[in-house]
Amino acid sequence: MSFGIEQKRAFFVLVVSVLIIGFANGVKLEAFPKILNSSGDNITLRWEDISSPSGKDWVGIYSPPDSADDRFIGFIYLSSCPNWKKGSCSINLPLINLRSPYEFRIFHWDNSINARPVHGDRNPLPSTAHFLAKSQSVTFRNLNDPAQLHLAFTSNQDEMRVMFVTKDDLKSYVQYGLGEEGLDEVAEAVSITYKQSDMCDAPANTNLGWRDPGYIHDAVMQRLKPGKRYFYQVGSNEGGWSSIRSFVSPDKELDETIAFVFGDMGTSLPYKTFRWTQAESELTIKWLLRDLEELRDKPAFLSHIGDLSYARGYAWSWDSFFSQIEPLASKFPYHVCIGNHEYDWPQQPWKPSWASSVYGTDGGGECGVPYSLKFHMPGNSSFPTGNSSPATRNLYYSFDVGVVHFVYISTETNFLQGSDQYAFIEHDLRQVDRIKTPFVVVQGHRPMYTTSSRIGDAPIREKMQEHLEPLFVEFGVNLVLWGHVHSYERFCPLKNSSCGNMDIGANLPIHVVVGMGGNEVQPQWQPRPDHPADPIYPQPIGSIYRSEEFGYTRMHATRSKLSVSYVGNHDGQVHDILEIRLKGIEIVSSSWIWFLKAVSLFLVGTLLGFFGSILYYYTTGKKSRNVQWATLSNSDL
C-alpha cells in the first residue's frame, strides 16, 4: 500500500506533534496508590510538565487497561484542577471496582482540534489525536470482592433474597442469623452472567459500551422469624466475604406499611461520559438514607418504578448505580419495574403500529437483559426477546406488605386485553383479600395520566385507559403510581379523565406521577398560547398539585388510612400530602395551605364570636365589657 505526498506530510506532522507535545515536554502522569482496598476508594492523579496547557486538555479513564484510546469509560478536563495553567496539578477520583484494573491517559485538545462526533445528549466527546502520557495501572486488592448487594422480597413471607456480584464464577453463599456473632444459617447462591452477544443493539453490543458484568449471585435466606433484625454477609472463603449488613424480616401480621417510592433516579458519576448522568440522584439518596435511618427497627422497602440506572448501553453505569444504592438496598428490599431505558430497542417483539413512534432506542441496545438478570423480583413473569438473548423478566408481579397489596406492571410489553399480563392483573386484583390488605397500590413506568406536553406517549395512555383503567376501577384500586415524567403530579380520583367526588372518591383510583427521582427536569406543562414560555394557569382540571422539584415519596399506611408525602430534594421537607381513608379522601397540601386553613378558621371563629356577642347583648339587654373570643384547638384544624 503506497502513500501520496499529502498523506506522508500529514503523517509526518502528526508524529512531530506527538514528539513536541509529549516527549519533548516530558509530560508525566502518575496514579496512586497502585492498589485500592475497597470499591469507592480514592486515587490521586498527578501530572507534570505540560508546557502549553489548554483548557480542554483531558485525562481519559480506561478499564480494562488495554482499551483503545477512544474506548474510555469517562474523562475529566485538566482545567478542573485550580492550578492547571501551571502545567502540573493533581485531582482526586473515587473508583468503583469494575473487576478489572484501571489506566489513565492524558490528551492535548484545543479549539484547533475537532471534537469527536457529538453523542446522544449533545455531549461533545474530546479528541484522542494528541496523546501526551499515560499512567501505570491501578487495581483493587481483591477483584472478586462481593459487591453491589441488594435485597428483595420473594413470594414467601418468611424469606429474603440477596443478590451480589463477583468477578469470577465462584461458588458463593450468604451466612445469616439473629446476631452478628451468630451467622449460623447458610444458603448457597445461584450464579449467572450474560455475554456481549446477548445485547441486541449499539452501543450495548459494541466494544464501546460493553464491559464484562462479572457473575451475579442470587441467594435466599429462609425460615426467617417475623419482624426480627437479621444480620448477614455474602461471599466465599475463596473470593472473600462482604462486611456484615442487617435487615428487618417481613411480618405478615403487621398492621402498618412503610415504603419509599420514586422513578427515574439514575446515577451520578465523578467524571463525564458518553451520556449525561444524574447528579441529582446523590441528594435523593442522601434524604432517603436520613428517613430510613430514622425508622430504626421498623420494616420498610424501596420501590423504583422504571428508568433505573440510565446506563443506555454503557455497562459501567450499572456498576455505578448499584454501588450508589447499596447503602439503601443492602438493608431494605429494593423493588423495581421495567422502564423504557431498560428495554426499548428497534426490533423489540411487541411494537404495535399505534406505538411505533413511542417504543424506540431508549434502552441503548440492552433489550432488558441487565435488568432481567441483575434483579430477581417475585413471580415468574417473562417475555421472549425474539432472538437468542435471555427472555425479559421482572415484568409484572405482586406482594403484600402489612396492610397494602402492591402490584407492579410493565408498560413496555403487551398489557392489552387478551395478553398474559392483562390476565395476571385481572386475576391478581380479583383475588385481593381486602380484610387482610384494605389498600391496593399499582405501580408502572409510563403514566396513564399526565399534563406534561413534552412526552409523546399519548397512544399508550389511551390504550391503558381503555384496557387497564376499567380493571383498576372495578376492583377498587386506591392508588396508582407512575414514573417517566420527571416531575411530581397528583390528580383527583379519576375515571375516563373525569374527577370523582373528593369526599366519596375512595372507590376511584388516585393517580400520582413520581418520576422526579433524579433525571434532568423537562419543561413539562402545556404552555399558554400567548406566552409559550409559561404554563397554562390555573393548571388543567384534575391536576391537583404538581412540581418540577426533584425528590421522592414516603408512603405510610394503617388499617384506616394510607398517606403519601412528597419530599423535595432542595430542603428534604414535605411539600405535598395525600391521605386516602377507607371512607373517603382527605387532601393535605403544602404548609402554606395549612396556614391559610388556620387563618380562615380563625376568621370564621372571630366572626362567629363577634356576632354571638351581639346576639347575647340584645337577648340579655346587657353589654359585655369582656368578650370571650372562641378559639380553635389543633384537633379542629
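The values are calculated or read from the model by the stated rules, or taken from the named source; none is laboratory data. All values reported here derive from a predicted model rather than from experimental measurement. Methodologically, a virtual Cβ is constructed for each residue, glycine included, from the backbone with ideal geometry; neighbour enumeration extends over all protein chains shown. With ligands, DNA and RNA removed, areas are computed over all heavy atoms of the protein, side chains included. Shrake-Rupley method; radii C 1.70, N 1.55, O 1.52, S 1.80 Å.
The table below gives the values:
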| quantity | calculated |
| --- | --- |
| Sparsely packed GluC sites (Glu not before Pro) within segment 240-330, loop by DSSP, other Cβ within 10 Å at most 10 | Glu253 |
| Euclidean distance of C-alpha centroids, segment 24-84 and segment 289-308, integer Å | 37 Å |
| Fraction of accessible area attributable to carbon and sulfur, segment 56-171 (%, probe 1.4 Å) | 45 percent |
| Three-way shape label, segment 305-409, alpha-carbon gyration tensor, a/c 1.5 | oblate |
| Distance from segment 547-570 to segment 118-177 (C-alpha centre basis), Å | 31 Å |
| Percent of beta bridges antiparallel (DSSP, segment 209-302, rounded to nearest 5) | 75 percent |
| Å² of accessible area per residue within segment 38-90, as computed with a 1.4 Å probe and no ligands counted | 43 Å² |
| Whichever lysines have a C-alpha closer than 20 Å to that of Lys495, once near sequence neighbours (fewer than 8 apart) are set aside | Lys463, Lys583 |
| Loop sites in segment 279-309: trypsin sites (Lys or Arg not before Pro), DSSP, at most 15 other Cβ within 10 Å | Arg296 |
| Segment 206-286 - charge dipole about Cα centre, Lys and Arg +1 at Cβ, Asp and Glu -1, debye rounded to 20 | 200 debye |
| Å² of accessible area per residue within segment 281-377, as computed with a 1.4 Å probe and no ligands counted | 27 Å² |
| Carbon + sulfur, % of accessible area of segment 267-319 - ligands and nucleic acids excluded, 1.4 Å | 50 percent |
| Label-point gap, in nm, between Arg454 and His467 - each point 7 angstrom along Cα→Cβ | 2.7 nm |
| Fraction of accessible area attributable to carbon and sulfur, segment 329-474 (%, probe 1.4 Å) | 46 percent |
| Pairwise label distance in nanometres, Ser388 with Arg430, each label 7 Å out on the Cα-Cβ vector | 4.1 nm |
| Prolate/oblate/rounded call for segment 183-319, Cα gyration tensor, a/c under 1.5 rounded | oblate |
| Average accessible area per residue (Å²) across segment 202-269 - probe 1.4 Å, nucleic acids and ligands excluded | 38 Å² |
| Members of Lys85/Lys286; Lys252/Lys286; Lys228/Lys374; Lys171/Lys436 lying beyond 32 Å, as alpha-carbon distances in this model show | Lys85/Lys286; Lys171/Lys436 |
